[in-house]
Amino acid sequence: MKALKYAAVASLIATAPLAAAQQQLSIATGGTGGTYYPLGGGLAEMIGKHLEGYEAVAEVTGASVENMGLVWRGDSDLALALADTVHQAYSGTGDFEGRQLENIRALASVYPNAVQLVTLADSGVESLADLKGKTVSVGAPGSGTELNARALLEANGISYEDFDPRRLNFNETADAIRDGDIAAGFWSVGPPTSSIMNLATTRDVRLVGLSDEEVANARESVSVFAPYELRAGLYEGMEEGVQTIGIPNVLAVSSEMDEELAYQITRMLFERTDELIEVHPAANDTTVEFSVNSTPIAFHPGALRYYEEVGAEIADHQRP
């Protein structure tokens, strides 16, 4: 009998460390040359530091479109994605026609992306129309950058048939511009981004601005687009501000995420924003006001509880 008791105690001791093990969360981000990856890494560090019983890791992915599938399948717990991609996945429209991801929910809109069209200063590309006949990177396959680039171009009467499209990630796009392999490339990312910064230190670059009409056409096509100005001095040699379009980035999760966990992550995000700003200046826009004004889909009930606690005004479409 004593032997059985000792065996039972030994069994409990052996399994105790497993019971105390941290639950690991996966955060789907994007390429290492964008904003999603460092911001996701910062969020992962904050989760491990401030949420008892949890640790997290940022995963390199193809960004927005891929990230929706990862959350939907349960392969990732959280994901950063562009608002139009999130809305298409949630509503089963656009690239998600016929495959609605009904379990997608939002914790917050974290910061706005800016669509940045970059070329070398002496390339002769000074407008969207100048892309015709050129070789142009439209972003990585399955990325929000490609969705935004295609929508912007098509809203202004330009299709992929008008130029030679290349699907390159941020670092590949910067390298291809530097080497003269392509004439220009699109980024849809929170400025400033490291891959453009690095390119601007080795080559004279130009950020191609959009006209008022081009911005208006884009906004008519995609409701979540908004005017955005890339400030002077953002990148080396950039002497004047450049008009473009911006789009919110959403921190998305599955509706099946534990409500208390969703609440704690949302609360941490807004009450410890200073830690995220230290990782990337894009987080300066991480506010409750920006989130409730920008998020195009329903919030997770845990996130909704936090917003209601702080007195935020929630729109009908943001309620599950």
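Quick notes
- Net charge dipole size for the chain [Lys, Arg +1 and Asp, Glu -1 on Cβ; Debye, nearest 20]: 1080 debye
- Taken one residue at a time, the phi angles of the range 99-116 give Karplus couplings (6.51, -1.76, 1.60, θ = phi - 60°) of 9, 4, 9, 5, 8, 6, 9, 10, 8, 5, 9, 8, 6, x, 7, 10, 6, 10 Hz. Gly and Pro are set to x.
- Farthest toward positive dipole pole in the range 141-203 [+1 Lys/Arg, -1 Asp/Glu at C-beta], among A151, A183, S195: S195
- Solvent exposure of the chain amounts to 45 Å² per residue of accessible area, where only protein heavy atoms count and the probe is 1.4 Å.
- Rounded to the nearest 10 square angstrom, H87 shows an accessible area of 80 square angstrom against a 1.4 Å probe.
- Taking A232, A28, A282 as the candidate residues, the one with maximal mean-square fluctuation in a Gaussian network model of the chain, Cα springs under 10 Å, is A232.
- The DSSP beta bridges internal to the chain are antiparallel in roughly 65% of cases.
- Modelled FRET efficiency - R0 25 Å, Q243 with T201, Cβ distances, 0.05 increments: 0.55
- DSSP beta bridges fully contained in the range 136-291 are about 55 percent antiparallel.
- Our helix-only sum for the chain, with -39,500 (n - 2.57) per DSSP H run of n ≥ 4 divided by its residues, gives a mean residue ellipticity at 222 nm of -12000 deg cm²/dmol.
- Stretch gain in nm, segment E313-D179, where the contour uses 0.36 nm per residue and the Cα spacing is subtracted: 43.3 nm
- Rounded, prolate or oblate (a/c below 1.5 giving rounded, otherwise prolate when a/b exceeds b/c) for the range 112-245 by Cα gyration tensor: rounded
- Here the accessible area is traced with a 1.4 Å probe on the protein chains. For the range 112-245, carbon and sulfur cover 41 percent of it.
- Loop-located trypsin sites (Lys or Arg not before Pro) in the range 175-231, at most 13 other Cβ atoms within 10 Å (DSSP): R231
- The label-point distance for E289 and R167, in a model that sets each label 7 Å from Cα toward Cβ, rounds to 4.0 nm.
- Shown here for the range 53-99: GluC sites (Glu not before Pro) in loop regions (DSSP other than H, G, I, E, B) with at most 16 other Cβ atoms within 10 Å, namely E97.
- Of the residues M68, M197, ranked by 1.4 Å probe accessible area with the largest first, the sequence reads M197, M68.
- Taking the chain as a Gaussian network of alpha-carbon nodes connected by springs under 10 Å, the highest mean-square fluctuation of the residues L107, L128, L147 belongs to L128.
- Rounded if a/c under 1.5, otherwise prolate or oblate - the range 163-213, Cα gyration tensor axes: rounded
- Modelled label positions at E236 and S91, each set 7 Å beyond Cα in the direction of Cβ, lie 4.3 nm from each other.
- A216/Q24 FRET efficiency (R0 30 Å; Cβ-Cβ; nearest 0.05): 0.05
The values are calculated or read from the model by the stated rules, or taken from the named source; none is laboratory data. Keep in mind the model is a prediction, meaning the values are calculated, not measured. All Cβ positions, glycine included, derive from the backbone under ideal geometry; neighbour counts span all protein chains shown. To get the accessible areas, we keep the full protein, side chains included, count just its heavy atoms, and leave off ligands, DNA and RNA. Shrake-Rupley method; radii C 1.70, N 1.55, O 1.52, S 1.80 Å.
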